[in-house]
Amino acid sequence: MGDRAALEGWKPKFTEWVEAAQPFMAEGKPKKAFAIYPWFSGEGDPFSRLAKPASETRFGLVTTGGYSIEGEHEPFSPFPSFDDTPPRIHTVPMDVDRSKLRIDHAGYDHRFAEEDINCNLPLDRLGEMEAAGEIGSIAPETQVVMGLQPNVVPLIESLIPELVARFKSDSVEAALLVPS
């Protein structure tokens, strides 16, 4: 069974979960809702070894931290989406004014990210690694999405292909994924 078949088998489980989870969400009990979530599992290993040393590789960064740039991006919705709408992607330049970054994501404690943004948006650390020659280069723009996307269908069918296309157009050879 391939990932498409696995996705088709997962869809009815997700529909059942939405019905069961929405009352918990309405009561402000997301932990109870996600305790019964039907996790999707595809086939194969999603990771592969680099074809060359990291010091010669161009990296792209993706975070699910839900960041927006004040005055430039429409804020992400802080709540989960249960429908088939593909998630939006915000592009954040590596040289963004850090004071303009806003976290829209309501699903994690912002305390550590507000203390040091590099814990889930490692712009400074990656810049340092590039300058030190530890990585070949980093794409000039970070791809930011909103976590809390329980419906994997639009992730697999829309979001991932869009991220791959963006990275290919910027000659990215390896993606760094930073969940929040």
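The values are calculated or read from the model by the stated rules, or taken from the named source; none is laboratory data. No experiment lies behind these values; they were computed from the predicted model shown. Backbone-built Cβ (ideal geometry, glycine too); neighbour counts: all protein chains shown.
The residue that is surrounded by the most Cβ atoms within 10 Å (Cβ to Cβ), counting only those in the stretch 162-180 that are within 13 Å of the chain's Cα centre (by Cα) and in a helix (DSSP H, G or I), is L163. For the stretch 40-76, a residue qualifies if it is under 30 Å from G9 (Cα atoms) and in the same structural domain as V172 (by TED's automatic domain parsing), and the qualifying residues are V62, T63, T64, G65, G66, F76. Within the stretch 115-142, the set of residues being assigned to a helix (DSSP H, G or I) and either among the charged types (D, E, K, R) or on the phi > 0 side of the Ramachandran plot (or both) comprises E115, D124, R125, E128, E130. Filtered by the rule that a residue be surrounded by 17 or more Cβ atoms within 10 Å (Cβ to Cβ), among the small types (G, A, S) and under 15 Å from the mean Cα position of the chain (by Cα), the stretch 139-161 gives a lone residue, G147. Within the stretch 103-120, if we keep just the residues that are without any contact (Cβ under 8 Å) to a residue 60 or more places away in the chain and surrounded by 14 or more Cβ atoms within 10 Å (Cβ to Cβ), the residue that is nearest to S137 (Cα to Cα) turns out to be N118. In this structure, does L148 turn out to be out of contact with any helix residue (DSSP H, G or I) (no Cβ under 7 Å at 6 or more places or on another chain), in the same structural domain as E162 (by TED's automatic domain parsing), part of a helix (DSSP H, G or I) and touching a residue at least 60 places away in the same chain (Cβ under 8 Å)? No.
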